[in-house]
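Structure record follows, encoded as structure tokens.
Read-outs throughout are calculated quantities, based only on the coordinates presented, and are distinct from any laboratory measurement. These numbers come from a predicted model, not from an experiment. A quick note on method: Cβ atoms are made from the backbone with ideal geometry, for glycine too, and the neighbour counts reach across all protein chains shown.
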Amino acid sequence: MLHRLIILQDALGAIEPLLPVFARAGFAPPVVRESLAQVVESVRQGEVELLILPIKLLQGHGRFDFETMLRDADRVATIGTAPTADADAILTGMRAGIGEFLVSPPAPAELEVALLRLQRKWGATAVRGSVTAVYAPKGGVGATTIAVNCGYALAARRTDAQVAIVDLNMGLGDVTSQLNLQGLYDIGHLVRKLDQADAELLQAIVTPCGEGLFALPASDDLEVAEQIQADAVSRVLAACRASFAHTIVDCEHAFGARTVAALDSADRIIVVLQSNVASIRATKRTLALFKQLDFPEDKAIIVLNREGPGDVLSWNDVAKSLGRAVDVRLPNAFQLTTDAQTRGIPVAKLAPNAPLSAAFNVLVTRAIGEVGVLDEDDRAVPKKRGLFGLRRK
Ligand SMILES: Nc1ncnc2c1ncn2[C@@H]1O[C@H](COP(=O)(O)OP(=O)(O)OP(=O)(O)O)[C@@H](O)[C@H]1O
Ligand SMILES: [Mg+2]
């Protein structure tokens with residue numbers, strides 16, 4: 001059932017741009033009311049999960065009415081707003097027990113974060129989302145581009161769902177630059193509090209990129225990165241699975257413990273290569289390692305990136321040397337990816353009708369579209385065998 005929400009007066013300014021955010025968080029379209037008196041009954045009857053109000057309504061007697069109303073309704077989440085982040089308003093809100101404060105009108109991403117933090121209040125049930133790893137054994141072949149753009153394609157497709165991109169390239173993370181994000185928390189902040197690497201902490205740490213897409217950047221602090229080992233990666237991805245409908249992981253190129261943990265946790269692995277001898281050889285070795293790890297063959301989706309008429313080896317040649325089919329081919333679009341990455345936006349946002357944008361959509365359908373949401377018990381558990389002692393227990 002959809003959650004219910006009441007907005008008092010003009011607490012959020014124009015509601016129209018915020019409707020998709022409410023929809024993604026599972027809310028029915030908001031109901032607007034003029035005074036606290038008009039909502040008392042609905043709140044008491046438990047007919048509303050979230051109340052958004054201008055903090056000015058809490059001045060004077062309003063605060064007393066508000067507190068009385070909420071006394072018997074401890075499952076109602078509240079957001080207070082004011083035109084500026086002025087200390088008096090925030091204090092008034094805190095005193096009255098407001099759950100979150102927003103400057104009004106809020107940017108959709110700010111509202112999205114507030115809703116994530118409050119989710120627990122209305123008892124959001126844990127999701128069991130999909131986890132997809134993007135892995136390229138050679139650098140520079142487009143792994144990050146594919147991770148970011150698949151994340152965006154999923155978020156754009158599922159207006160009712162939230163999608164996370166996790167960057168595991170410690171010290172070399174590019175997701176922040178491809179999405180133009182700055183000054184934020186990264187995976188190190190999550191892992192430092194590993195005991196609490198749960199949904200709540202994760203939701204406070206991820207950076208909203210708009211349209212239901214969130215990022216968990218890699219840590220640039222190499223001492224912290226040192227602490228992020230297989231176990232940490234598995235726990236972070238388990239937390240992501242419980243909070244996001246889909247999680248895309250941009251893996252490191254090195255086949256180390258962190259990478260194996262991510263590949264292990266994933267439902268699907270997008271293996272990225274380009275049509276050159278070095279990349280094909282490395283991919284062959286990778287597929288052999290997957291076998292040693294007992295991954296079923298269809299766990300890997302082979303993606304040939306930057307395909308173009310100038311290729312010396314055709315996709316058929318690539319398939320022949322790999323000994324298996326190339327599942328998806330992405331066209332070479334140098335100018336477009338360069339422009340998108342210079343501007344820090346996904347390719348499909350810059351050029352929705354470009355062949356490369358369409359190809360990302362095909363890839364998402366192929367790699368993730370058909371992954372059902374399974375319960376752990378229903379999963380066929382592959383026989384586990386160690387690989388250089390890398391596999392986590
Ligand atoms: N389909 C494509 N067509 C043209 N250029 C592309 C395509 N995909 C990626 N590129 C370009 O290739 C370069 C490398 O891409 P990207 O950073 O995504 O690769 P990577 O495998 O993550 O590299 P790194 O080793 O730095 O992690 C970028 O300049 C990007 O714009
Ligand atoms: Mg990269």
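Please list, in chain and number order, the residues 5+ apart from A77 or on another chain whose amide H is under 5 Å from its amide H, with Hs placed from the backbone.
When sequence neighbours closer than 5 places are left aside, the close amide H contacts are L50, L51.
Quick check for me: using +1 on Lys/Arg Cβ and -1 on Asp/Glu Cβ, what's the dipole size of the stretch 130-378 about its Cα centre, in debye to the nearest 20?
Numbers: 21 positive and 30 negative charges, 192 e Å.
For this selection, approximately 920 debye.
For R120 and R366, what does the FRET efficiency come to when R0 = 35 Å and r is the distance between their Cβ atoms, rounded to the nearest 0.05?
Working: r = 35 Å, r/R0 = 0.99.
Computed FRET efficiency for R120 and R366 comes out at 0.50.
For D220 and D10, what is the calculated FRET efficiency with R₀ set at 45 Å and r taken between the beta-carbons, to the nearest 0.05? Can you show the working numbers first?
Details: r = 41 Å, r/R0 = 0.92.
FRET efficiency, D220 to D10: 0.60.
For the chain, with the dipole built from +1 on Lys and Arg beta-carbon atoms and -1 on Asp and Glu ones, taken about the Cα centre, which of Q203, A325, V272 lies farthest toward the positive end?
It is A325, whose Cα lies furthest towards the positive end.
With θ set to phi - 60° and the Karplus curve 6.51 cos²θ - 1.76 cosθ + 1.60, what are the ³J(HN,Hα) couplings of the stretch 270-277 in order, to the nearest whole Hz, using x for Gly and Pro?
8, 9, 9, 9, 10, 7, 8, 4
Quick one: check the C-alpha center-to-center distance for the stretch 72-138 versus the stretch 196-238, whole angstrom.
Centre-to-centre distance over Cα atoms comes out at 18 Å.
Where a ≥ b ≥ c are the square roots of the eigenvalues of the C-alpha gyration tensor, would you call the stretch 137-187 rounded, which needs a/c under 1.5, or, failing that, prolate if a/b is larger than b/c, or oblate?
Details: a/c = 2.24, a/b = 1.33, b/c = 1.68.
Since a/c reaches 1.5 but b/c is at least a/b, the shape of the stretch 137-187 is classed as oblate.
Sort 206-215, 283-292 for me by packing, meaning the mean count of neighbouring Cβ atoms within 10 Å per residue, highest on top. Don't jump to the answer; show the numbers that get you there.
Working: 206-215: 24.1, 283-292: 16.2.
Descending packing order for the listed peptides: 206-215, 283-292.
Over the chain, calculate the relative contact order: mean separation of alpha carbon pairs under 8 Å at least 6 apart, over the residue count, as a percent.
Values: 729 pairs, mean separation 64.5, N = 393.
Once normalised by length, the contact order is 16 percent.
Determine, from the Cβ-Cβ distance of R281 and A204 and an R0 of 30 Å, the FRET efficiency 1/(1 + (r/R0)^6), rounded to the nearest 0.05. Could the numbers behind the result be given before it?
Details: r = 43 Å, r/R0 = 1.44.
Efficiency at R0 = 30 Å is approximately 0.10.
So what J values fall out for the stretch 343-352 if you push phi through Karplus, 6.51 cos²θ - 1.76 cosθ + 1.60 with θ = phi - 60°, rounded to Hz, Gly and Pro as x?
8, x, 10, x, 4, 5, 6, 6, 9, x
Could you give the nm distance between label points at A325 and A242, where each point is 7 Å from its Cα heading toward the beta carbon?
Computed distance between label sites A325 and A242 equals 3.8 nm.
Once you place label points 7 Å from the Cα toward the Cβ at D160 and D317, how far apart are they in nm?
Taking the two extended label points, one gets 4.7 nm.
Taking only C-alpha pairs under 8 Å that are 6+ residues apart, what is the relative contact order of the stretch 39-165 in percent? Display every interim value, and only then the final one.
Numbers: 117 pairs, mean separation 23.9, N = 127.
Reported as a whole number, the value is 19 percent.
Once label points are set 7 Å from the Cα along Cα→Cβ at both H61 and R95, what is their separation, rounded to one decimal in nm?
1.8
Take every Cα-Cα pair in the chain and report what % of them are more than 29 Å apart.
Values: 36534 of 77028 pairs.
Result: 47 percent of Cα pairs exceed 29 Å.
Using only the alpha-carbon atoms, how far is helix 143-157 inclined from the longest principal axis of the chain? Give it as 0 to 90 degrees, nearest 10.
Between helix and principal axis, roughly 40 degrees.
What order do you get for 113-120, 243-250 when each peptide is scored by the mean count of other beta carbon atoms within 10 Å, highest first? Each step should come with its number before you reach the end.
Values: 113-120: 19.6, 243-250: 27.6.
Final packing ranking: 243-250, 113-120.
What's the tally of Lys pairs in the stretch 130-378 whose alpha-carbon atoms lie under 18 angstrom apart, where the two lysines are 8 or more places apart or on different chains? List each step's numbers first, then the result.
On the way: K138/K284; K284/K299; K284/K320; K291/K299.
Close lysine pairs found across the stretch 130-378: 4.
List the residues, sorted by chain then number, that are 5 or more residues from V249 or on another chain and whose placed amide H is less than 5 Å from its amide H.
Under 5 Å from the amide H of V249: T132, A133, V134, V166.
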